[in-house]
Every structure is written in C-alpha cells, then in structure tokens.
Amino acid sequence: MVRRVDARPTIAPPRTLSRAGRGLHRFANPGRFLRLSGALLPWIAAPGLALTAAGLVWGLFFAPADWQQGDAVRIMYVHVPAAWLASAGYLALAGCSAASLVWRHPLADLAAAEISPVGAGFTAMCLITGSLWGKPMWGAWWVWDARLTSVLVLFFLYLGHIALVRAFDEPERGYRAGAILALVGVVNLPIIKFSVDWWNTLHQPDSITLFGAPTMSLVMLWPLLLSALGYTLVFAALVLARTRAAVMERRIRALLTARARHLEILG
Amino acid sequence: MTRKRRRLWVLLACGVGLGSATALSLSAFRSNLVFFVAPSDVAASPPPPGRSLRLGGLVEAGSVQKSVMGGQPATRFRVTDGRASVAVSYVGILPDLFREGQGVVTLGTLRPDGSFRASEVLAKHDETYMPKDVADALKRSGLWRPSEGAPPPAASWNTLAVPKQGG
Amino acid sequence: MTHLPFIAAAYAVAVLLPAGYAVAALHRLRLARRRLAALDPRGAP
C-alpha cells in the first residue's frame, strides 16, 4: 500500500518520501497518516462525545451544590476542563513546533497550524466561563490578577500563532516563524500553573494537584474528571479531523500544481 | 543526523536562556505582580495616605457590623492575615460570598487614622469545594467553624457519616 | 437553581463552541475528500 503512494511523487512533497520509514517519520507519510487517522477518529470522537455529555449532565443535574457557592459551582465542570485544555493544547503545539524545527517533520507543521485555532477556542471558552463564574462569586467579571492575566496572554499567543503561520506566501516560512513563537511562549505555561502559588491572586489555588490530595468532595470530583476526559478526547478529535483535512488539502494543492506544470510542458 | 542534533542543541540552549531571563525578570518584578497586599505588609511599610491600593485577607470573626447609610448598606469589618488587621469601611452591596472567615480583596485608600476606606469589595473563595450536607455535618459535629478557618482535609469528609435529612 | 443565568450561559458556551468547531471540521473534511476524489480517484481515502 505504501509503495503505491511512493510511486507517485507528484502527490506528496519530495522530502516526505526521502525520510519515510525512519522513526517518527513513519507517520509522516501522508497516505499512511490518512488511513491511520481515519480509522482512529471515530474511536476518539465517540467516547469524547459520550463522556462529555455524561460529565455535563452529571455536573449540571446530579452533583451537589457547594455549601457556599450554591449552584454556581457547576460552572466548574466546564471551566476547569477548558482551562486544562488551554494549557495542554499549548504544550501539544510546542511539541509539534519542536518536532518541526529540529526534525523538520512535515506532519508536525500541519498539526501545529491546526492545533492553535482549537486551542484558542478552548482558551476563549475558559475565559468566558471563568468570567461568568467570577461575576456572581467574586463580584467582578474580570480582575487583572496574575492567573487571569497569564491566561489572557496564552490566548494572545494562540492568536499570534494563527496569524503568523498564515502570514507568509511561502508556507514553510510561516511554519518556521510560528514554531519559534510557540516555543518562546512556553515560558507562559509555568507562569499560568504557579501564578496562584507565587503571587497573591484573587483566583484560588488549584484543587487538584499532582502530589496533594484533592481539596474537593469525591461526589464533585468524579463528574469533573469525566468531563475533563471527555473534553480532552473532543479536543484531540477536532485536531485530528482538521489535520486530516489539511493533509488532503496539501495533496490537492500538489496535484493541481503538478497538473498545471504538466500542461505548461505540453503547451 | 549531526544537523538535527545541532538544531536540537541550539533549541535547548535558547530555551534555557529564555527561561532564565524570564525567571530573573519575574523575580525582579515580584512585588509588582501581587494583586493585593496583606494587613501585615501595610503595618510593616504603610503606603502614603490617599494612594489607592488593594488590601486582601480574611474577614475577622466577629468584626462585621452592618448598618444603612443614605439608603445603601454600609459595612464595617476588619481584614486580617493572622499577624495584623486593618479596619475597613465599605458602602455598597457586598458579594454573595462575603461572610466572617471568608477571604476578601478590597480596593480603596488608607486614611490617616490607619483605617481603610473601600470602594470595591471582592470575595475570594478558596480551593475547597464541599456539598452543603457535608458542610452542615462538619459544623454540627463541631469539627469545623467556617468563621475561624479552613475546613478539615477533603479526604476526611468522604468517611464522614452524613446523617440523612429528617432521619 | 441559584445563579441560573450564569450557569446556563456558561454551559451554552461550553457546548456551542466545540460544536461549532466540529461542524466546521466535518464540512472541511467532506469538501477536501470530494475535491481530492475529483482530482485523483485512486488516491482518495
């Protein structure tokens, strides 16, 4: 099957073919990526939808109200997964950028360009739901404390990456510039994570930490974990679907270019 | 392979440089990045009167006095961080979460007599989330008094026998 | 339910925003597949 794709060099960019089969580059072959991702996509999307729906219904109707926040605590079941994915998505973007700069992995470029719009969407979701939670609880839609400000910076980093990747006539230069921006922006991730511990902030510290026990009742923790897992799978499915589309679009461009050149030679 | 290796090292070196530069500048700006100052900070180095600042801490237990001033609710309370406390006066509607023992951040100015006149009060909730029946059970059993501090760790609530209502 | 408007708005954002992304991605996939099949019937996935 691979041989069939390899035999048609006009379809894939040449550098993909010379490296295919080595390490990470096994997945750089566009034909193989399309087959693999096509088989994988339903198995990510369906559990993602089911878990998210279960988590949201549980959180909205079955989880108990908080003793002091009342029902407003239910916003946590959408806000916390969005916040977690805003950071995790950026980490994935940075990983793809490193793979792009160091190994010149061609799929990493496409994936990075598709992660940033999804990441920006989830960061916006985090900011909006946080604002809707902050107004009734804190008494303010927005405050310039270190946590909120650093997440806003993350949102702008995503927007900058989206714009930069698409700003050049030559896509390769856009991918390079975007990768550098994404890697520089990684310094913001520990700032977001530890802002609530390093500085006085209005935002409370994390309830769920890697080493400490969660400071949350189990009946609230379960729906939160469910919706976090669900949203993570939804995020992954969205990125995978968009990357599939991007790979196909690149093949379409390559085919059109080859066809135009062919006609030029004949004419 | 050597070119890839070199690119990897260049990238790592840039990362280390950028990371340490950020760490240095963050530690230099440390005091400017705080959202609020604590009462003991105010006691240690009092800001000039009239300068607007945010004062944060816990509402001292038993300090809240409510009245009405010109048709608006007026509140006097003390904000404490355990080492020092500042008297605060505020005219206006308080956020839902305001109570004794709750964290608050108030925006306002220090008056010459050392009291604080707030123009805005924000409630700061902590990272514990607890169902109402657990809170009631903890309060009833005397394990926790909300006006005096943080609740016992969450791991202990799950083993707590929650009496059914009306049971 | 207390604070209902805020909760409803937050959940609406949390459902509609990813749903919008999903619809856009599916549309883009369908379009790309169709165009690719028209250009190269053997290579289309």
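The values are calculated or read from the model by the stated rules, or taken from the named source; none is laboratory data. These numbers come from a predicted model, not from an experiment. Positions of Cβ are backbone-derived with ideal geometry, glycine not excepted, and every protein chain shown enters the neighbour counts.
Counting the residues of the stretch B:136-156 that are outside any loop (DSSP other than H, G, I, E, B) and not charged (D, E, K, R) gives 7. Filtered by the rule that a residue be of a type in the set (Asp, Glu) and buried (at least 22 other Cβ atoms within 10 Å of the Cβ), the stretch A:59-110 gives A:ASP66, A:ASP109. Looking across B:SER67, B:SER63, one residue alone is more than 9 Å from every other protein chain (Cβ to nearest Cβ), closer than 30 Å to A:ASP66 by Cβ, out of contact with any Cys (no Cβ under 7 Å at 6 or more places or on another chain) and in a loop (DSSP other than H, G, I, E, B). It is B:SER63. Restricting attention to the stretch B:50-80, and to residues there that are among the small types (Gly, Ala, Ser) and free of Cβ contacts under 8 Å to residues at least 12 places away in the same chain, which single residue is nearest to B:PRO112 (Cα to Cα)? Looking at the filtered set, the residue picked out is B:SER67. Annotation note: of B:PRO146, B:PRO131, B:PRO47, B:PRO95, the sole residue that is touching a residue at least 40 places away in the same chain (Cβ under 8 Å) and closer than 30 Å to A:TRP222 by Cα is B:PRO146.
Residue count for the stretch A:209-231 satisfying the condition of being under 14 Å from A:VAL78 (Cβ atoms) and surrounded by 20 or more Cβ atoms within 10 Å (Cβ to Cβ): 8.
If I filter the stretch C:25-34 down to residues being surrounded by 14 or more Cβ atoms within 10 Å (Cβ to Cβ) and charged (D, E, K, R), which single residue comes out as farthest from the other protein chains (Cβ to nearest Cβ)? By that ranking, first place goes to C:ARG33. Taken across the stretch A:153-166, residues that are farther than 26 Å from C:GLY20 by Cα and either of a type in the set (Lys, Arg) or free of Cβ contacts under 8 Å to residues at least 40 places away in the same chain (or both) do not occur at all.
Just one residue in the set A:TRP144, A:TRP138 is at the interface with another protein chain (Cβ under 9 Å from one of its Cβ atoms), more than 27 Å from A:ALA65 (Cβ to Cβ) and of a type in the set (A, V, I, L, M, F, W, C); that residue is A:TRP144.
Can you work out which of the residues in the stretch B:77-135 that are hydroxyl-bearing (Ser, Thr, Tyr) and outside any strand (DSSP E or B) is nearest to B:PRO49 (Cα to Cα)? Out of the qualifying residues, it is B:SER115.
Looking only at residues in the stretch A:152-200 that are β-branched (Val, Ile, Thr) and over 19 Å from B:ALA23 (Cα atoms), the one that is farthest from the other protein chains (Cβ to nearest Cβ) is A:VAL165. Filtered by the rule that a residue be touching a helix residue (DSSP H, G or I) at 6+ places or on another chain (Cβ under 6 Å) and under 15 Å from B:LEU122 (Cα atoms), the stretch B:52-78 gives a lone residue, B:GLY57. No other residue among C:ALA22, C:ALA8 is part of a helix (DSSP H, G or I) and facing chain A (nearest Cβ under 7 Å) apart from C:ALA22.
Applying the criterion of being over 23 Å from A:ALA140 (Cβ atoms) and in contact with a helix residue (DSSP H, G or I) (Cβ under 9 Å, 6 or more places away or on another chain) to the residues of the stretch A:195-214, the residue that is modelled with the lowest pLDDT is A:ALA213. For the stretch B:8-24, the condition of being in a helix (DSSP H, G or I), surrounded by 13 or more Cβ atoms within 10 Å (Cβ to Cβ) and either modelled with pLDDT of 85 or more or more than 10 Å from chain A (Cβ to nearest Cβ) (or both) holds for none of the residues. Applying the criterion of being part of a loop (DSSP other than H, G, I, E, B) and more than 7 Å from chain A (Cβ to nearest Cβ) to the residues of the stretch C:35-45, the residue that is modelled with the lowest pLDDT is C:ALA44. Taking the conditions (1) more than 17 Å from A:ALA98 (Cβ to Cβ); (2) at pLDDT 90 or above; (3) surrounded by 19 or more Cβ atoms within 10 Å (Cβ to Cβ); (4) not aliphatic (A, V, I, L, M) in turn, A:GLY185 satisfies each one other than (1).
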